[in-house]
Amino acid sequence: MQDWHIRTDVIERALEEDLADIGDVTAMATIPADVPGTAELVARADGVLAGIALVAAVYRHIDAGITVDVRCADGDRLAAGDVVALVSGPMRGMLTGERTALNLVTHLSGIATATRAYVDAVAGTGCVIRDTRKTTPGLRLLEKAAVRAGGGLNHRVGLFDGLLVKDNHAAVAGSVGAATRAALAAAGDRTVQIEVDSLDELDEAIDAGARDVLLDNFSVAATEEAVAHVRTREARHGRISVESSGSIRLENVRAYADTGVDRISVGAITHSAPQLDLALDVRPVATTRQAG
(Lines give C-alpha, C1' and ligand atoms only; values in the text may rest on other atoms or scores of the structure.)
Protein backbone atom coordinates (compact mmCIF):
# COMPACT_ATOMS: atom_id res chain seq x y z
CA MET A 1 0.00 0.00 0.00
CA GLN A 2 1.21 3.49 -0.76
CA ASP A 3 0.11 4.86 2.61
CA TRP A 4 2.15 2.54 4.83
CA HIS A 5 3.90 4.38 7.63
CA ILE A 6 7.25 2.58 7.70
CA ARG A 7 8.67 3.83 10.95
CA THR A 8 12.40 3.18 10.97
CA ASP A 9 12.45 3.52 14.75
CA VAL A 10 10.06 0.56 15.07
CA ILE A 11 12.33 -1.58 12.93
CA GLU A 12 15.45 -0.40 14.74
CA ARG A 13 13.96 -1.20 18.16
CA ALA A 14 12.81 -4.62 16.99
CA LEU A 15 16.25 -5.45 15.64
CA GLU A 16 17.93 -4.15 18.79
CA GLU A 17 15.85 -6.59 20.84
CA ASP A 18 17.33 -9.44 18.80
CA LEU A 19 20.85 -8.21 18.18
CA ALA A 20 21.76 -5.80 20.99
CA ASP A 21 25.18 -4.43 20.05
CA ILE A 22 26.61 -7.89 19.35
CA GLY A 23 24.67 -9.35 16.42
CA ASP A 24 23.41 -12.80 15.46
CA VAL A 25 26.02 -14.99 17.13
CA THR A 26 24.55 -18.21 15.72
CA ALA A 27 24.56 -17.00 12.11
CA MET A 28 28.04 -15.54 12.51
CA ALA A 29 29.32 -18.86 13.89
CA THR A 30 27.75 -21.11 11.25
CA ILE A 31 27.44 -19.13 8.00
CA PRO A 32 30.35 -17.44 6.19
CA ALA A 33 29.65 -13.80 5.41
CA ASP A 34 29.95 -14.29 1.65
CA VAL A 35 27.56 -17.24 1.21
CA PRO A 36 24.69 -16.21 -1.09
CA GLY A 37 21.27 -17.76 -1.28
CA THR A 38 17.56 -17.32 -1.71
CA ALA A 39 14.46 -17.89 0.36
CA GLU A 40 10.73 -17.85 -0.29
CA LEU A 41 8.29 -16.07 1.97
CA VAL A 42 5.38 -18.51 1.89
CA ALA A 43 1.84 -18.43 3.28
CA ARG A 44 1.14 -21.43 5.49
CA ALA A 45 -2.54 -20.57 5.86
CA ASP A 46 -5.29 -18.71 4.02
CA GLY A 47 -5.56 -15.02 4.89
CA VAL A 48 -5.02 -11.44 3.80
CA LEU A 49 -1.56 -9.93 3.36
CA ALA A 50 -0.47 -6.74 5.09
CA GLY A 51 2.92 -5.23 5.82
CA ILE A 52 4.91 -6.75 2.99
CA ALA A 53 6.84 -3.49 2.54
CA LEU A 54 8.26 -3.96 6.02
CA VAL A 55 10.06 -7.13 5.00
CA ALA A 56 12.21 -5.18 2.56
CA ALA A 57 12.62 -2.38 5.11
CA VAL A 58 13.96 -4.81 7.71
CA TYR A 59 16.47 -6.27 5.28
CA ARG A 60 17.64 -2.81 4.20
CA HIS A 61 18.66 -2.29 7.83
CA ILE A 62 20.44 -5.65 7.94
CA ASP A 63 22.33 -5.73 4.65
CA ALA A 64 21.95 -3.55 1.56
CA GLY A 65 22.90 -6.56 -0.55
CA ILE A 66 19.65 -8.37 0.27
CA THR A 67 16.83 -7.86 -2.21
CA VAL A 68 13.13 -8.63 -1.76
CA ASP A 69 11.12 -9.43 -4.88
CA VAL A 70 7.50 -8.96 -3.80
CA ARG A 71 5.01 -11.24 -5.55
CA CYS A 72 1.80 -10.23 -3.72
CA ALA A 73 0.35 -6.89 -2.63
CA ASP A 74 -1.10 -5.71 0.64
CA GLY A 75 -4.79 -6.54 0.70
CA ASP A 76 -4.37 -9.63 -1.48
CA ARG A 77 -6.13 -12.76 -0.33
CA LEU A 78 -3.60 -15.55 0.19
CA ALA A 79 -4.03 -19.29 -0.03
CA ALA A 80 -1.81 -21.70 1.83
CA GLY A 81 1.25 -22.33 -0.30
CA ASP A 82 1.30 -18.97 -2.05
CA VAL A 83 4.76 -17.45 -2.47
CA VAL A 84 4.51 -13.89 -1.20
CA ALA A 85 8.08 -12.77 -1.89
CA LEU A 86 11.50 -14.04 -2.94
CA VAL A 87 14.43 -12.90 -0.79
CA SER A 88 17.92 -13.04 -2.26
CA GLY A 89 21.38 -12.12 -1.03
CA PRO A 90 23.86 -12.99 1.72
CA MET A 91 22.44 -15.88 3.73
CA ARG A 92 23.83 -14.68 7.05
CA GLY A 93 21.94 -11.40 6.89
CA MET A 94 18.85 -13.14 5.55
CA LEU A 95 18.62 -15.35 8.63
CA THR A 96 19.52 -12.50 10.97
CA GLY A 97 16.50 -10.51 9.83
CA GLU A 98 14.13 -13.46 9.47
CA ARG A 99 12.31 -13.28 12.79
CA THR A 100 11.94 -9.50 12.87
CA ALA A 101 10.53 -9.47 9.34
CA LEU A 102 8.18 -12.36 10.10
CA ASN A 103 7.03 -10.88 13.41
CA LEU A 104 5.89 -7.74 11.62
CA VAL A 105 4.31 -9.24 8.52
CA THR A 106 2.54 -12.09 10.35
CA HIS A 107 1.14 -9.75 12.99
CA LEU A 108 -0.12 -7.18 10.50
CA SER A 109 -1.46 -9.82 8.12
CA GLY A 110 -3.35 -11.31 11.05
CA ILE A 111 -5.03 -7.95 11.60
CA ALA A 112 -5.86 -7.64 7.91
CA THR A 113 -7.26 -11.18 7.90
CA ALA A 114 -9.44 -10.55 10.96
CA THR A 115 -10.66 -7.26 9.51
CA ARG A 116 -11.57 -8.89 6.20
CA ALA A 117 -13.64 -11.51 8.03
CA TYR A 118 -15.74 -8.75 9.64
CA VAL A 119 -15.97 -6.78 6.39
CA ASP A 120 -17.15 -9.87 4.52
CA ALA A 121 -19.69 -10.62 7.25
CA VAL A 122 -21.45 -7.25 6.77
CA ALA A 123 -21.16 -7.14 2.97
CA GLY A 124 -24.23 -5.70 1.29
CA THR A 125 -25.57 -3.90 4.35
CA GLY A 126 -23.92 -0.53 3.70
CA CYS A 127 -22.29 -0.72 7.13
CA VAL A 128 -18.53 -0.25 7.42
CA ILE A 129 -16.09 -1.78 9.90
CA ARG A 130 -13.79 0.54 11.83
CA ASP A 131 -10.94 0.00 14.25
CA THR A 132 -10.36 1.53 17.69
CA ARG A 133 -7.40 2.84 19.70
CA LYS A 134 -6.94 -0.61 21.23
CA THR A 135 -3.62 -1.12 19.50
CA THR A 136 -0.10 -2.26 20.40
CA PRO A 137 1.89 0.67 21.82
CA GLY A 138 4.25 1.99 19.17
CA LEU A 139 2.59 0.06 16.33
CA ARG A 140 -0.66 1.97 15.93
CA LEU A 141 0.03 3.45 12.49
CA LEU A 142 1.12 0.08 11.16
CA GLU A 143 -1.89 -1.68 12.66
CA LYS A 144 -4.30 0.89 11.29
CA ALA A 145 -2.73 0.46 7.86
CA ALA A 146 -3.32 -3.29 8.24
CA VAL A 147 -6.99 -2.60 8.97
CA ARG A 148 -7.22 -0.68 5.71
CA ALA A 149 -5.51 -3.56 3.88
CA GLY A 150 -8.28 -5.79 5.22
CA GLY A 151 -10.99 -3.52 3.86
CA GLY A 152 -11.82 -1.68 7.08
CA LEU A 153 -11.74 2.02 7.86
CA ASN A 154 -9.86 3.84 10.58
CA HIS A 155 -11.41 5.61 13.51
CA ARG A 156 -9.37 8.54 14.81
CA VAL A 157 -5.64 7.95 14.97
CA GLY A 158 -5.24 9.27 18.50
CA LEU A 159 -6.53 11.70 21.07
CA PHE A 160 -5.34 14.65 18.98
CA ASP A 161 -7.32 14.34 15.75
CA GLY A 162 -10.92 13.85 16.83
CA LEU A 163 -13.15 14.23 19.86
CA LEU A 164 -14.90 11.17 21.31
CA VAL A 165 -16.94 11.97 24.41
CA LYS A 166 -17.10 8.85 26.57
CA ASP A 167 -18.89 8.07 29.81
CA ASN A 168 -16.04 9.30 31.99
CA HIS A 169 -15.96 12.65 30.18
CA ALA A 170 -19.71 13.01 30.69
CA ALA A 171 -19.42 12.05 34.36
CA VAL A 172 -16.80 14.73 35.02
CA ALA A 173 -18.58 17.34 32.88
CA GLY A 174 -21.84 16.72 34.73
CA SER A 175 -23.92 15.16 31.97
CA VAL A 176 -23.86 13.88 28.41
CA GLY A 177 -25.44 17.11 27.26
CA ALA A 178 -22.88 19.30 28.99
CA ALA A 179 -19.98 17.28 27.64
CA THR A 180 -21.48 17.34 24.14
CA ARG A 181 -21.87 21.10 24.11
CA ALA A 182 -18.35 21.62 25.42
CA ALA A 183 -16.85 19.24 22.83
CA LEU A 184 -18.70 20.84 19.94
CA ALA A 185 -17.66 24.33 21.05
CA ALA A 186 -13.98 23.33 21.18
CA ALA A 187 -13.80 21.02 18.15
CA GLY A 188 -13.04 23.44 15.35
CA ASP A 189 -12.74 21.31 12.21
CA ARG A 190 -12.25 18.05 14.14
CA THR A 191 -14.91 15.37 14.23
CA VAL A 192 -17.04 14.99 17.35
CA GLN A 193 -18.64 11.70 18.36
CA ILE A 194 -20.71 11.15 21.49
CA GLU A 195 -20.88 7.79 23.25
CA VAL A 196 -24.23 6.90 24.84
CA ASP A 197 -25.45 3.88 26.72
CA SER A 198 -29.21 4.50 26.81
CA LEU A 199 -32.00 6.07 24.77
CA ASP A 200 -32.21 8.88 27.32
CA GLU A 201 -28.53 9.70 26.80
CA LEU A 202 -29.06 9.43 23.05
CA ASP A 203 -31.78 12.09 23.16
CA GLU A 204 -29.66 14.24 25.46
CA ALA A 205 -26.73 14.12 23.03
CA ILE A 206 -28.88 14.92 20.00
CA ASP A 207 -30.60 17.79 21.80
CA ALA A 208 -27.15 19.18 22.62
CA GLY A 209 -26.15 19.14 18.96
CA ALA A 210 -24.56 15.73 18.43
CA ARG A 211 -24.64 14.51 14.84
CA ASP A 212 -22.46 11.43 15.33
CA VAL A 213 -23.35 9.00 18.11
CA LEU A 214 -21.77 5.79 19.35
CA LEU A 215 -24.08 3.18 20.86
CA ASP A 216 -21.98 1.50 23.53
CA ASN A 217 -22.78 -2.09 24.49
CA PHE A 218 -26.35 -2.00 23.17
CA SER A 219 -27.97 -5.36 22.42
CA VAL A 220 -29.05 -6.03 18.86
CA ALA A 221 -32.68 -5.32 19.77
CA ALA A 222 -31.76 -2.13 21.61
CA THR A 223 -29.61 -1.04 18.66
CA GLU A 224 -32.50 -1.53 16.26
CA GLU A 225 -34.73 0.57 18.52
CA ALA A 226 -32.06 3.28 18.82
CA VAL A 227 -31.51 3.47 15.06
CA ALA A 228 -35.24 3.80 14.42
CA HIS A 229 -35.40 6.52 17.08
CA VAL A 230 -32.50 8.43 15.52
CA ARG A 231 -34.07 8.28 12.07
CA THR A 232 -37.28 9.85 13.38
CA ARG A 233 -35.29 12.68 14.91
CA GLU A 234 -33.42 13.37 11.67
CA ALA A 235 -36.51 15.07 10.23
CA ARG A 236 -35.84 17.92 12.67
CA HIS A 237 -32.08 17.74 13.20
CA GLY A 238 -30.68 16.52 9.88
CA ARG A 239 -28.51 13.47 9.23
CA ILE A 240 -27.13 11.74 12.31
CA SER A 241 -24.48 9.04 11.97
CA VAL A 242 -24.84 5.99 14.19
CA GLU A 243 -22.05 3.63 15.18
CA SER A 244 -22.14 0.49 17.31
CA SER A 245 -19.36 -0.73 19.56
CA GLY A 246 -18.92 -3.19 22.40
CA SER A 247 -19.99 -6.84 22.74
CA ILE A 248 -19.70 -7.28 18.97
CA ARG A 249 -18.17 -10.49 17.68
CA LEU A 250 -17.86 -12.09 14.28
CA GLU A 251 -20.84 -14.29 15.13
CA ASN A 252 -23.21 -11.36 15.70
CA VAL A 253 -21.74 -8.52 13.63
CA ARG A 254 -24.14 -9.16 10.75
CA ALA A 255 -27.11 -8.85 13.07
CA TYR A 256 -25.83 -5.48 14.27
CA ALA A 257 -25.21 -4.33 10.69
CA ASP A 258 -28.74 -5.31 9.72
CA THR A 259 -30.14 -2.84 12.29
CA GLY A 260 -29.15 0.00 9.98
CA VAL A 261 -26.14 1.40 11.84
CA ASP A 262 -23.69 3.25 9.62
CA ARG A 263 -20.53 1.91 11.23
CA ILE A 264 -19.36 -0.77 13.62
CA SER A 265 -16.11 -0.38 15.53
CA VAL A 266 -14.36 -3.56 16.63
CA GLY A 267 -11.41 -3.53 18.99
CA ALA A 268 -10.75 -7.23 18.48
CA ILE A 269 -9.43 -6.77 14.94
CA THR A 270 -6.32 -5.14 16.41
CA HIS A 271 -6.03 -6.32 20.01
CA SER A 272 -6.96 -9.99 19.53
CA ALA A 273 -6.14 -10.91 15.93
CA PRO A 274 -4.04 -14.10 15.71
CA GLN A 275 -0.95 -13.95 13.55
CA LEU A 276 -1.24 -15.22 9.99
CA ASP A 277 1.15 -18.12 9.51
CA LEU A 278 3.89 -17.08 7.09
CA ALA A 279 7.31 -18.67 6.88
CA LEU A 280 10.68 -18.05 5.26
CA ASP A 281 11.77 -21.21 3.42
CA VAL A 282 15.50 -21.08 2.74
CA ARG A 283 16.76 -22.90 -0.33
CA PRO A 284 19.68 -25.20 0.47
CA VAL A 285 23.02 -23.47 0.16
CA ALA A 286 24.40 -26.40 -1.82
CA THR A 287 21.66 -25.94 -4.47
CA THR A 288 22.40 -22.22 -4.63
CA ARG A 289 26.13 -22.83 -5.11
CA GLN A 290 25.57 -25.41 -7.85
CA ALA A 291 23.17 -23.12 -9.69
CA GLY A 292 25.65 -20.25 -9.53
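The values are calculated or read from the model by the stated rules, or taken from the named source; none is laboratory data. Computed from a predicted structure; not experimentally measured. For neighbour counting, all protein chains shown are included, and Cβ atoms are generated from backbone atoms with ideal geometry for every residue, glycine included. With ligands, DNA and RNA removed, areas are computed over all heavy atoms of the protein, side chains included. Shrake-Rupley method; radii C 1.70, N 1.55, O 1.52, S 1.80 Å.
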* To do: Could I get the Rg over Rh figure for the stretch 58-146? Both from C-alpha atoms, Rh via Kirkwood, rounded to two places.
  => 1.05
* Lys/Arg +1, Asp/Glu -1 at C-beta; the chain dipole; positive extreme among V68, L15, I269 -> V68
* **Two-site label geometry, N252 and A279: point separation in nm, points 7 Å out along Cα→Cβ** => 3.8
* To do: Report, by chain and number, residues whose modeled amide H sits under 5 Å from the one on V84, excluding near sequence neighbours (fewer than 5 apart, same chain).
  => L41, V42, A43
* To do: Pairs of Cα atoms under 8 Å, at least six residues apart: use those to get the relative contact order of the stretch 144-292, whole percent.
  => 16
* **Total charge dipole magnitude, the stretch 1-131, about the Cα centre, Cβ charges on Lys, Arg, Asp, Glu only, Debye to nearest 20** => 320
* Structure fact -> Net charge (Lys, Arg +1; Asp, Glu -1) of residues whose beta-carbon lies under 10 Å from that of V128, V128 excluded, is 0
* **the stretch 103-216: relative contact order in percent, alpha carbon pairs under 8 Å with at least 6 residues between** => 20
* Structure fact -> Heavy-atom accessible area of R249, protein chains in place, probe 1.4 angstrom, given in Å² to nearest 10, is 120
* Report the accessible area of S244, computed with a 1.4 Å probe over the heavy atoms of all protein chains in place, in Å² rounded to the nearest 10. => 0
* To do: Could you tell me the distance between the Cα centroids of the stretch 67-105 and the stretch 237-276, to the nearest Å?
  => 32
* **FRET E, pair D120, E234, Förster distance 22 Å, beta-carbon r, rounded to 0.05** => 0.15
* To do: On the full set of protein chains, 1.4 Å probe, figure out the accessible area of T26 and give it in Å² to the nearest 10.
  => 90
* Asked: Rounded to the nearest 0.05, what FRET efficiency is calculated for S272 and L153 with R0 set to 25 Å and r the Cβ-Cβ distance?
  -> 0.85
* **Charge dipole (debye, nearest 20) of the chain; +1 at Cβ of Lys and Arg, -1 at Cβ of Asp and Glu** => 420
* To do: Just round it to a whole percent: the fraction of Cα-Cα distances in the chain exceeding 28 Å.
  => 48
* Structure fact -> In whole µm²/s, the translational diffusion coefficient that Stokes-Einstein assigns to the stretch 1-131, given a Kirkwood hydrodynamic radius over C-alpha pairs, 4 °C and 1.567 mPa s, equals 81
* Taking each pair of different alpha-carbon atoms in the stretch 141-192 once, compute 1/r for the pair, average those values, and report the inverse of that mean as the Kirkwood hydrodynamic radius in Å to one decimal. => 12.5
* Once you have the Cα-Cα distance between A80 and D46, take 0.36 nm times their residue separation minus that, and quote the gain in nm to one decimal. => 11.7 nm
* Structure fact -> Once normalised by the length of the chain, the mean sequence separation of its alpha carbon contacts under 8 Å that are 6 or more apart gives a contact order in percent of 23
* To do: Classify the stretch 108-180 as rounded, prolate or oblate from the Cα gyration tensor: take a ≥ b ≥ c as the square roots of its eigenvalues, call it rounded if a/c is under 1.5, otherwise prolate when a/b beats b/c and oblate if not.
  => oblate
* Percent of beta bridges antiparallel (DSSP, the chain, rounded to nearest 5) -> 50
* Given R₀ = 30 Å, FRET efficiency for E225-T8 by Cβ-Cβ distance, to 0.05? -> 0.05
* Structure fact -> Computed over the stretch 120-272, the distribution of all Cα-Cα distances in 10 Å bins, rounded to whole %, is 11, 40, 37, 12, 0
* Asked: Under a plain spin-label model, where a point goes 7 Å from the Cα along Cα-to-Cβ, how far apart in nm are D18 and A173?
  -> 4.6
